[in-house]
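A quick write-up on the structure given underneath.
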Amino acid sequence: MRVSGGEARGRRLKAPKNIRPTQGMVKQAIFNMVGPSIEGSEVLDLFAGSGALGIEALSRGAARVTFVDQQPRGLAILRQNLDALGFKERANIIRGDVVRWLEASPEAVRSARFVFLDPPYDDVVLDRALQSLDRQVTDVTVLAEHSRRHQAPALSRLKVDRQRRYGDTMVTVYRP
């Protein structure tokens, strides 16, 4: 797994064996959707795993990324990746349940311009995280990676802007 753009382009990222990393093609598509507006933005990488999406955002000029995950092995590798790439100063790492953290950290949610959601293909946890974001967001773009078999939930404030399918993976973009 490699960083596909920005200042760390081509650099390798470590990933634990038990984590399903975002495929390169899917990651490239996500950042094509985001475009240059990532520069200078605050970003949340939820269910971060080894941090591939958030690190890509940092490489492409995001001001700061908050990574949230509850798996210690993934977070240890995330720290190694951030150290190796020199991004540690622009990163905040939270170990904990994503939905609980969202509910307890409304200021972090409101300051984010982009939110990446890449949970294990677990429909319930994705829906709960999206519902929590929907209650809190003001001006944010949410990019959720999920199984194509999972129907993206309808939310009240966040609306599906677009969806793209990549094999078994679907990327759903929500905007207010």
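One table, with the values for the structure above:
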| read-out | value |
| --- | --- |
| Filtered residues of the stretch 101-126 (kept if closer than 20 Å to GLN151 by Cβ and surrounded by fewer than 19 Cβ atoms within 10 Å (Cβ to Cβ)) | PRO120, TYR121, ASP122, ASP123, VAL124, VAL125 |
| First in the stretch 132-148 and closer than 11 Å to SER111 by Cβ, second anywhere and small (Gly, Ala, Ser) and modelled with pLDDT of 90 or more, Cβ under 8 Å, 6 or more apart | VAL140/ALA112 |
| Selection count, the stretch 63-81, where residues are without any contact (Cβ under 8 Å) to a residue 40 or more places away in the chain, buried (at least 21 other Cβ atoms within 10 Å of the Cβ) and under 20 Å from ARG113 (Cβ atoms) | 3 |
| Residues being surrounded by fewer than 21 Cβ atoms within 10 Å (Cβ to Cβ) and either assigned to a helix (DSSP H, G or I) or in contact (Cβ under 8 Å) with a residue 24 or more places away in the chain (or both) - total across the stretch 40-56 | 2 |
| GLY35 vs. criteria of a type outside the set (D, E, K, R), farther than 29 Å from ASP139 by Cβ, without any contact (Cβ under 8 Å) to a residue 60 or more places away in the chain and part of a helix (DSSP H, G or I) | no |
| Single unsatisfied condition, VAL98 versus (1) at pLDDT below 95; (2) touching a Pro at 6+ places or on another chain (Cβ under 8 Å); (3) crowded, with 18+ Cβ neighbours inside 10 Å | (1) |
| For GLY40: the one exception among (1) under 16 Å from ALA112 (Cα atoms); (2) in contact with a helix residue (DSSP H, G or I) (Cβ under 7 Å, 6 or more places away or on another chain) | (2) |
| Test: residue in the stretch 22-45 that is farther than 21 Å from ARG162 by Cβ and of a type in the set (S, T, N, Q) | no |
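The values are calculated or read from the model by the stated rules, or taken from the named source; none is laboratory data. Not measured: the values here are computed from a predicted model. Quick reminder, even Gly has a Cβ in these numbers, built from the backbone with ideal geometry, and neighbours come from all protein chains shown.
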